[in-house]
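Presented below is the structure to which this report refers.
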Amino acid sequence: MGSVLDLFSAVEQGVPIAVIVFNDGGWGMLEHGILQSPLREQRRPSFRFKRRVDFAALARSLHARGLVAGTLPDLRFALQQCLRPKSAVLVDVLIDPSAVPPIGGRTAHVNRHMEGAVGVDGPTAREAEGWE
């Protein structure tokens, strides 16, 4: 989700927007992308949250409609609500954090640009600048 303030602005302005959040309990897209990159062996912080964010509750706190979809019937119902929303609605779709999203093409593109980049299988930024 870009920003909760975007959702709040839609509520304030009466914009009938539908927002769908694929909630894996962390920054899964980043995690899976890093694991497919030359940086996979680098030390990094965890991309998992200690507690899964309840985006539906967050939406309701902003006076939007907030729905949780944890099952296929829940998802079907929630998507029906998104077809012609009368006001801002957010669907918090609970997904499996271990499922790898289809990002192979994206990570391959990024990896091609990282080949030979400073700090990736090459000199550190300090070495590249002649500091060491």
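Bear in mind that the values in this text are calculations on the coordinates, not laboratory data. Given the structure is predicted, the values throughout are model-derived calculations rather than measurements. Every residue, glycine as well, gets a Cβ built from its backbone with ideal geometry; the counts of neighbours run over all protein chains shown.
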Checklist entry - Check Ala69: other-chain or 5+ apart residues with amide H under 5 Å from its amide H, H built from backbone geometry? => result Asp92, Val93, Leu94
Next on the checklist: With θ taken as phi - 60° and the coefficients 6.51, -1.76 and 1.60, list the Karplus ³J(HN,Hα) couplings across region 50-59 in order, rounded to whole Hz; mark glycine and proline as x.
Outcome noted: 5, 9, 5, 5, 8, 5, 5, 5, 4, 4
Checklist outcome for this item: Note, Ala59: beta-carbon cut-off 12 Å, +1 each Lys/Arg, -1 each Asp/Glu, net -1
